[in-house]
There are 2 protein chains.
Amino acid sequence: MPQLPHSSRPQLKVRRVSLDTGRENVVVISRHSKALRPDVFRGFSRVELRAGAKVLLATLLITDEDALVGPDEIGLSEPALRRFAEPVGSLVTVSPATSPQSLDAVRAKIEGRTLQPAEIEAIIGDLTHYRYSDMEIAAFLIGSARFMTSGELIALVQAMARAGTQLKWPDGIVVDKHCIGGIPGNRTSMIVVPIVAAHGLTIPKTSSRAITSPAGTADTMEILARVDVGVEEMKEIVAACRGCLVWGGHVNLSPADDILISVERPLCLDTREQMVASIMSKKLAAGSTHLLIDLPVGPTAKLTNATETMRLRKLFEFVGDHFGIAVEVIATDGRQPIGNGIGPVLEAEDVMAVLTNDAKAPADLREKSLRLAAHLLEYDPQLRGGSGYARARELLDSGAALRKMQDIIDAQGPSSCRNDVGKLTFDIAADADGRVCEIDCLQLNRLARIAGAPIDKGAGIRLFSKIGDRVEKGQPLYRIHTYDQSELDLAATAARVNNAYTVGDRYPASGGTAP
Amino acid sequence: MPQLPHSSRPQLKVRRVSLDTGRENVVVISRHSKALRPDVFRGFSRVELRAGAKVLLATLLITDEDALVGPDEIGLSEPALRRFAEPVGSLVTVSPATSPQSLDAVRAKIEGRTLQPAEIEAIIGDLTHYRYSDMEIAAFLIGSARFMTSGELIALVQAMARAGTQLKWPDGIVVDKHCIGGIPGNRTSMIVVPIVAAHGLTIPKTSSRAITSPAGTADTMEILARVDVGVEEMKEIVAACRGCLVWGGHVNLSPADDILISVERPLCLDTREQMVASIMSKKLAAGSTHLLIDLPVGPTAKLTNATETMRLRKLFEFVGDHFGIAVEVIATDGRQPIGNGIGPVLEAEDVMAVLTNDAKAPADLREKSLRLAAHLLEYDPQLRGGSGYARARELLDSGAALRKMQDIIDAQGPSSCRNDVGKLTFDIAADADGRVCEIDCLQLNRLARIAGAPIDKGAGIRLFSKIGDRVEKGQPLYRIHTYDQSELDLAATAARVNNAYTVGDRYPASGGTAP
């Protein structure tokens, strides 16, 4: 009598193998393994590990290095070992993996079919349980990049929000704000949250760390306080302070989003629908009832014209309406950085200068933060219509916002990260007399990253002039800060090759939209 | 003065690291490497290696295992080491890779833009030089899966054909045949080539090895002769014999196709345009002037209906006309296997039985081969119209085709591979009296692979009955052959779970198209 396939397979002993493979599950088998058949197992193919009822899908590497894995062993990389949760030394069987069934839906989407909500839910479920390889994730992203119906978008937001933590709050009004990013500096959340919380509205803000930029709000807040706060602690902080400024990564809101982003990034994919699904799934999971979306528009911003901006606005409003979230979308001036600092420490200095009403605080950051806070305050039914701005200014000028920020910092606890500005500097000077006509946001982001931000917290850029300012030849336009000479050399070279500033004699066009 | 970026980077010493990573370039760096910056280098990200003017793009793994690579070393996996062609111990710099510029065109395609020929040529060029990661290749395939204009298809075929060897032949007429695959057995090329060459037409046939099937023509021919023949030797064989039956892998026709297929396969992507580009680029590079395409149609074939078949036919004709290749496309009966053997040795037995005019030779394989050969012979201007079939039969019955096959085998030289039929067998019997109504080609392919084909050359299946045959309960329908007891157990179990034969009392529909 033929035996059952799995019982007849040889078993391999689990060992840890230290390979950083990003997010993907990877296992390593010896070429001399008793479990290996060259016709079914090839390098980079997908395999299925089984131990009792536990199953793990992983990408296979085959090695001749006995030091890495022996013939009766299977090496699991860090994420695979954690997710499989079998102790080192336990026995597993390995067989060629059957693709997750939801991949049939991915292929159908590639061929142009519209997917049903259940199919999208199955895809997100498999993806969240790490059953997709990076290539399979790319297939889903690209297959749905060109066309997604509104029904598919809603189903995607729903499935992504359900796949992780779903927060509930005791208050009827839970406000939030979100910027789609791309503008250096622009740390408005760290000013808006204390203003809004000081007023008494609930604003449990989770932020991301930088992915391709020199600083995310979580990176900048970490200069002032701990941000890796879990769900229960976050609830306590919000109960005490009405607001918080924590890193979303620890709260596990819409984990599928983090997985999708990890593949979108190397492929530089950036579609409207996926951006909206990413943001709205997190807000839905976060329990937000009222949401303000900031869309910066400018020649080097993510949005470059009014048509794109309008289409994106409509998409946010559509999804918000479907899920009963009051969404307000505003287009803002995205022609140049907001504030003077770029990089965690330098941005934190800007934020504290605004909150302390320092005379040298950047006026654009203060003004934009007040306007955004004003919109959020208007959600308070107690507040007289149109008085949001005045109330925001009152809370900032009186020091109430600063005191609230201090409460939040105390509640989140001290951060252990380095918080000194990089002492090594290099100034970039104007090459002619004239006015600053253009500032390239993409270049500044790139320079600040080359300087070491966000890993080197004090690395980055300080701006000395903004669009419209008169400058003289030789006058410093901005200063690069680093911790390290080799980073300074690299950043300085890059700044000279591609200058982020254009100085000329024409008068620059004003931003199409108020800050 | 700031230094140039590359000269200031620390250098690492090249070493070999034995990791089978499939086709992809992979390099391994120690987490304690002096060249590693965690903000720019992450696991599975892309890096660029430089040594003088040489550049290699690769996917990065980071490890803590000192046995694998030391802090001042960089480990290159086999394909990366071969392609970079720098000796072990030489010094290289490593930096984050900039994506190949042609990826902008891939992204444009994903967003729905039609690509220009120069853009497609750049994509295929980068792909052929291993500058794309698997994920980037997937992006190209999926981005162009849903829609490709006829202009894009032509540009793709052209670029793929130009990327590798381009064969030229002294003869004005160079014929070729190609089947899109999917039907077990069906080794017509090994009968058609000797018939056509015996007649005197030039037919330099290159074939693939099995990718997902239990045998390709190259695997089956290898039972009788060596097939890993290079370009120059192939030319000599064709000069001497008019024909050959060699493996295309050694001839390097359309190398981009092999790369694309290596990514299509794990994703199970299969689109018409890509299939046509794959086949036609190889034929264009092979210097074929007249081409016969065999499209098997049946419920478990690659094509299941007349509409699909017609569309594919038109696409082949369109591309053929553009490049001046006379293309004839015929739809054939794809309801069941052709011949009785499945797996290299068993199929080679069928072929030799037909060529030797053995009374037990499978009639369907003989008949289909004669009809295909007849089409090709009609390309000979000397032959009177309509007499192709009679001429083909004459060459087969007289033993001329057999003698030609023997010449080709002698010219290609002896094969060293094992050529005995698997002695361990298991018979699958009819579970009822009746007629064979259906045979599932996909199941038979799967079973033959589980039995060990094509790696175990003598493993596979021998069929005892075909559609329409009367069988009694308990009568063997087919026999599984293996070299090994554990493969026999697996295949027997799989055959019992999903029987490939349907026996019933209804009379089966005939194939819509003659064989």
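Values quoted throughout were computed directly from the atomic coordinates according to the rules given, and no laboratory measurement underlies them. These numbers were taken from a predicted model, which means no experiment stands behind them. Every residue, glycine among them, receives a Cβ derived from its backbone with ideal geometry; neighbour counts consider all protein chains shown.
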At what distance in angstrom do the alpha carbon centres of the stretch B:121-158 and the stretch A:142-212 lie from each other?
36 Å
Explain nothing, just compute: Karplus ³J(HN,Hα) = 6.51 cos²θ - 1.76 cosθ + 1.60, θ = phi - 60°, for every residue of the stretch A:201-214 in order, whole Hz, x for Gly and Pro.
7, 7, 9, x, 8, 10, 10, 9, 7, 4, 9, 10, 9, x
Can I get the semi-axes of the stretch A:433-498's equivalent ellipsoid? Compute them from the C-alpha gyration tensor as square roots of 5 times the eigenvalues, in angstrom, largest first.
23, 12, 10
Cα-derived Rg to Rh of the stretch A:367-515, Kirkwood definition:
1.08
For B:D505, label point 7 Å along C-beta direction: distances to other copies, nm:
10.1
Expressed in angstrom and rounded, the centroid-to-centroid distance over alpha carbons for the stretch B:324-396 and the stretch A:395-409 is 87 Å
Could you work out how far helix B:400-412 tilts from the main Cα principal axis of chain B, as a 0 to 90 degree angle to the nearest 10?
20 degrees
Wrap a convex hull around the Cα atoms of the stretch A:408-457, take a quarter of its surface area, and give that in square nanometres.
5.9 nm²
Looking at the calculated P(r) for the stretch A:326-386, what percent of the C-alpha pair distances fall above 14 Å?
63 percent
Built amide H within the under 5 Å cut-off of A:Q475, gap 5+:
A:A430
Kirkwood-based Rg to Rh ratio, the stretch B:145-278, C-alpha trace:
0.97
How much of the DSSP beta bridge set in the protein assembly as shown is antiparallel, as a percent to the nearest 5?
55 percent
Run through the other copies and list how far each one's label point is from that of B:T149, in nm with one decimal, shortest first; the point sits 7 Å from Cα along Cα-Cβ.
2.9
Please give the calculated 222 nm ellipticity per residue for chain B, where each DSSP H segment of at least 4 residues contributes -39500 (n - 2.57) and the sum is spread over every residue; nearest 500 deg cm²/dmol?
-12000 deg cm²/dmol
Could you give the size of the charge dipole of the stretch A:417-483 about its Cα centre, using +1 on the Cβ of each K and R and -1 on the Cβ of each D and E, expressed in debye and rounded to the nearest 20?
260 debye
In order through the stretch B:216-233: 3J(HN,Hα) via Karplus (6.51 cos²θ - 1.76 cosθ + 1.60), integer Hz, x for Gly, Pro:
x, 4, 5, 5, 6, 4, 5, 5, 9, 7, 5, 10, 8, 10, x, 4, 5, 5
If every Lys and Arg gets +1 and every Asp and Glu gets -1 at its Cβ, then about the Cα centre the stretch A:37-120 yields a dipole, in debye to the nearest 20, of 480 debye
Using a 7 Å Cα-to-Cβ projection, A:D397 label spacings across copies, nm, ascending
11.0
Taking neighbour counts of Cβ atoms within 10 Å as a proxy for exposure, in what order, fewest first, do A:V251, B:V192 appear?
A:V251, B:V192
Fewest to most neighbouring Cβ within 10 Å: what's the order for A:I62, A:I261?
A:I261, A:I62
Tilt of helix A:150-162 relative to the longest C-alpha principal axis of chain A, in degrees (0 to 90, nearest 10)?
80 degrees
Just want the answer: with Cβ charges of +1 for Lys and Arg and -1 for Asp and Glu, which residue in A:I173, B:G341, A:P381 is farthest toward the dipole's positive end in the protein assembly as shown?
A:P381
Stokes-Einstein D in µm²/s, Kirkwood radius over Cα pairs - the protein assembly as shown at 4 °C with 1.567 mPa s viscosity:
40 µm²/s
Helix B:117-128: angle to the longest alpha-carbon principal axis of chain B, degrees 0 to 90, nearest 10?
90 degrees
Given charges at Cβ of Lys, Arg, Asp, Glu: chain A dipole, positive-most of A:A453, A:I330, A:G434:
A:I330
Expressed to one decimal in nm², the mean projection of the alpha carbon convex hull of the stretch A:256-345 is 7.0 nm²
To the nearest 20 debye, what charge dipole does the stretch B:275-366 have about its Cα centre, counting +1 at the Cβ of each Lys and Arg and -1 at the Cβ of each Asp and Glu?
280 debye
Ranked by Cβ crowding within 10 angstrom, fewest neighbours first, how are A:V345, A:V55 ordered?
A:V55, A:V345
Can you list residues whose amide H is under 5 Å from A:G413's amide H, if they're 5+ apart or on another chain and H is modeled 1.01 Å from N?
A:R226
Considering all projection directions equally, how large on average is the shadow of the alpha-carbon convex hull of the stretch B:388-436, in square nanometres?
7.5 nm²
Cβ neighbours within 10 Å from other chains - mean over A:415-421:
0
Within chain B, percent of DSSP bridges classed antiparallel, to nearest 5:
55 percent
For chain A, report the translational diffusion coefficient in µm²/s to the nearest whole number, using Stokes-Einstein at 4 °C, 1.567 mPa s, and a Kirkwood Rh over Cα pairs.
52 µm²/s
